[in-house]
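Below is one structure; the comments refer to it alone.
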Amino acid sequence: MGSQKKWPVTLTEADRDELVRVTSTGVHPASMVRRARVLLALDTSVGPVASQEELVVRVGVSGETLRLVAKRFTETGGDVGATIGRKARELPPVPSPVTGEVEARLIALACSQPPAGYARWSLRLLEKHVALVADIPDLDHSTIGRVLKTRLRPHLRKCWTIPPRANAQFAARMEDVLAVYARPHNPGVPVVCMDEKPYQLLAHARDPIPATPGRDRREDSEYVRHGTCSIFCWVEPLAGWRRVQATPRRTRIGWAHHVRRLLTLDYPDAERVVLVMDNLNTHDISSLYEAFDPAVAFALAQRLEIHHTPKHGSWLNIAEIELAALTRQCLDRRIDTLDVLNTELDAWQTAVNANQRQVNWHFTTDDARTSLRRLYPTH
């Protein structure tokens, strides 16, 4: 090997001991260990050095790496530490053009309204406008992207249920629901949360291709619509009980029959059932009178204690949280018929009820009055 003659490596016993320690302790960077192994392989003090081809195979590096390490050993005057260590920087680092003030100006610009004709800011659009601002240095779109990456993403948006500010009705209903969640578990007066969601029945236009090792499952983007249905979810958070069922339509009479099943089959011995739900037009005592005789409707209503979540306060309904879990675990696929859907829902319900996973609600009225002060009227 030419580098052996041009840049011979001769190590002392102390140097070899140090290099062996570096390669065997496992606490040094891989690049340092690799250079140490190269020096040990190139050492002429222990005998003839193998050919370059043999060293490449033995050490696991390229011939160019062998040459560079031998050259660096000679340039450092045989200093093992300087050879295997990280090379000191010759020039000082270039200061970043993005100071704290520049970053603040960029964030303010990205949070402002985009110019006419644009729905949102993009990195290249920000680049053009930054060039027009006198006190901000010219920055390319990649630099702007790095600045905004951890703080702001102007090209993204989230759909969010935004509660009204300083709204007495929202605050009153929120505290009412939170007070219900703070009650201890009482089998005689169970707290049950209820919610429902629409679901679209879809069939595959073409059979999916199953997954194989190294290849994901493939589904055709085309599908066949088979109508819609409504999924009801009932949850007793402190008991870990859930019931889910899909019905063809969302009607007052349908909701009333679900309530009668809740009171007569699920909780026949309960003195009353505390029902937390949203204020959908079908979720009302009058629905019982539309579905049953007045005497039956009145008897059912007397066993209900209803608490409505506020408008734009669906996050207060534990049943909605369960529906989100149901969607991820069971409904994130195409199901084509109502019968198949209810079969799958029954299987999910059986599995989660077997675990009796309770819901530990932490958010209290005191928390609301502290962190959600903007929702309360000011006096």
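Just so it is clear, none of the values below were taken in a lab; they were calculated from the coordinates. This structure is a prediction, so every number in the text was calculated from the model and none was measured. Every residue, glycine among them, receives a Cβ derived from its backbone with ideal geometry; neighbour counts consider all protein chains shown.
Which is farthest toward the positive dipole end of the range 100-148 among Trp121, Leu148, Leu109, measuring Cα position about the Cα centre, with Cβ charges +1 (Lys, Arg) and -1 (Asp, Glu)?
It is Trp121.
Please give me the summed charge of the neighbours of Gln200: other residues whose Cβ is under 15 Å from its Cβ, Lys and Arg +1, Asp and Glu -1. Mind showing how you got there, number by number?
Working: positive: Lys197, Arg225, Arg249, Arg250, Arg333, Arg334; negative: Glu196, Glu222, Asp332, Asp336, Glu344.
Here the charged neighbours net out to +1.
What nm distance separates the two modelled labels at Ala205 and His226, each placed 7 Å from Cα along Cα→Cβ?
Output for this residue pair reads 1.7 nm.
To the nearest 20 debye, what charge dipole does the range 100-148 have about its Cα centre, counting +1 at the Cβ of each Lys and Arg and -1 at the Cβ of each Asp and Glu?
The calculation lands at about 240 debye.
Pop out the ³J(HN,Hα) list for the range 198-208 in order, Karplus 6.51 cos²θ - 1.76 cosθ + 1.60 with θ = phi - 60°, rounded to Hz; leave Gly and Pro as x.
With the stated coefficients, the range 198-208 comes to x, 9, 9, 7, 10, 10, 6, 6, 9, 4, x Hz.
How large is log10 of I(q)/I(0) for the chain at q = 0.06, 0.11 Å⁻¹ when the intensity is taken from the Debye formula with one equal scatterer per alpha-carbon?
So the normalised log intensities work out to -0.55, -0.94.
Mean-square fluctuation check for the chain, GNM, Cα pairs under 10 Å: which of Met194, Met32, Met174 is largest?
Maximum fluctuation in the GNM of the chain, among the listed residues, is at Met32.
Please report the antiparallel percentage of the DSSP beta bridges confined to the chain, to the nearest 5.
On the way: 20 of 29 bridges.
Of the beta bridges lying entirely in the chain, close to 70 percent run antiparallel.
Output the Kirkwood hydrodynamic radius of the range 100-148, Cα pairs only, in Å rounded to one decimal. It would help to have the intermediate numbers written out before the result.
Numbers: mean 1/r = 0.0921 Å⁻¹.
Across the range 100-148, the inverse of the average 1/r is 10.9 Å.
Please compute the alpha carbon radius of gyration of the range 160-279, then divide it by the globular-protein estimate 2.2 N^0.38 Å. Two decimals is fine.
Values: Rg = 20.2 Å, N = 120, 2.2 N^0.38 = 13.6 Å.
Expressed relative to 2.2 N^0.38 Å, the Cα Rg reads 1.49.
With springs only between Cα atoms under 10 Å apart, run a GNM on the chain and tell me which of Glu90, Glu175, Glu219 wobbles the most.
With Cα springs under 10 Å in the chain, the top fluctuation among Glu90, Glu175, Glu219 is at Glu90.
Hey, got the Cα dimensions of the range 37-100 along the principal axes, in Å, largest first?
Dimensions of the range 37-100 along the principal axes of its Cα atoms: 58, 25, 14 Å.
Using the C-alpha gyration tensor of the range 210-309, what are the square roots of 5 times its eigenvalues, in whole angstrom, with the largest one first? Can you show the working numbers first?
Details: eigenvalues 262, 65, 26 Å².
Working through the eigenvalues yields semi-axes of 36, 18, 11 Å.
Which lysines have a Cα lying under 24 Å from the Cα of Lys311, excluding residues fewer than 8 positions away in the same chain?
List returned: Lys158, Lys197.
Of all alpha-carbon pairs in the range 20-71, indicate the percentage at a distance above 16 angstrom.
Values: 506 of 1326 pairs.
Percentage above 16 Å: 38.
Only Lys, Arg, Asp and Glu count, each charged at its Cβ (+1, +1, -1, -1), so figure out the dipole size of the chain about its Cα centre, rounded to 20 debye.
Values: 50 positive and 44 negative charges, 200 e Å.
Result for the chain is approximately 960 debye, rounded to the nearest 20.
Under unit Cβ charges (Lys, Arg +1; Asp, Glu -1), what dipole magnitude, rounded to 20 debye, does the range 13-84 have relative to its Cα centre?
Numbers: 9 positive and 10 negative charges, 48 e Å.
With Lys and Arg at +1 and Asp and Glu at -1, about 240 debye.
Ignoring everything except DSSP H segments at least 4 long, calculate the 222 nm mean residue ellipticity for the chain; use -39,500 (n - 2.57) per segment, divide by total residues, nearest 500. If you can, show how the numbers build up before the last one.
Working: 16 runs with 155 residues, N = 379.
Calculated mean residue ellipticity at 222 nm is -12000 deg cm²/dmol.
What helices in the chain pass both tests, a Cα length along the helix axis of 24 Å or more and a mean Kyte hydropathy of -1.0 or higher, using whole DSSP H runs? Before the final figure, lay out each step's value.
On the way: long enough: 338-355 (26 Å, -0.09).
Qualifying helices: 338-355.
Tell me which lysines have Cα within less than 21 Å of Lys6's Cα, excluding those fewer than 8 residues away on the same chain?
Filter leaves Lys71.
Within a 10 angstrom radius of the beta carbon, how do Trp255, Trp348 rank from fewest other beta carbons to most? Don't jump to the answer; show the numbers that get you there.
Numbers: Trp255 25, Trp348 17.
Least crowded to most crowded, the residues run Trp348, Trp255.
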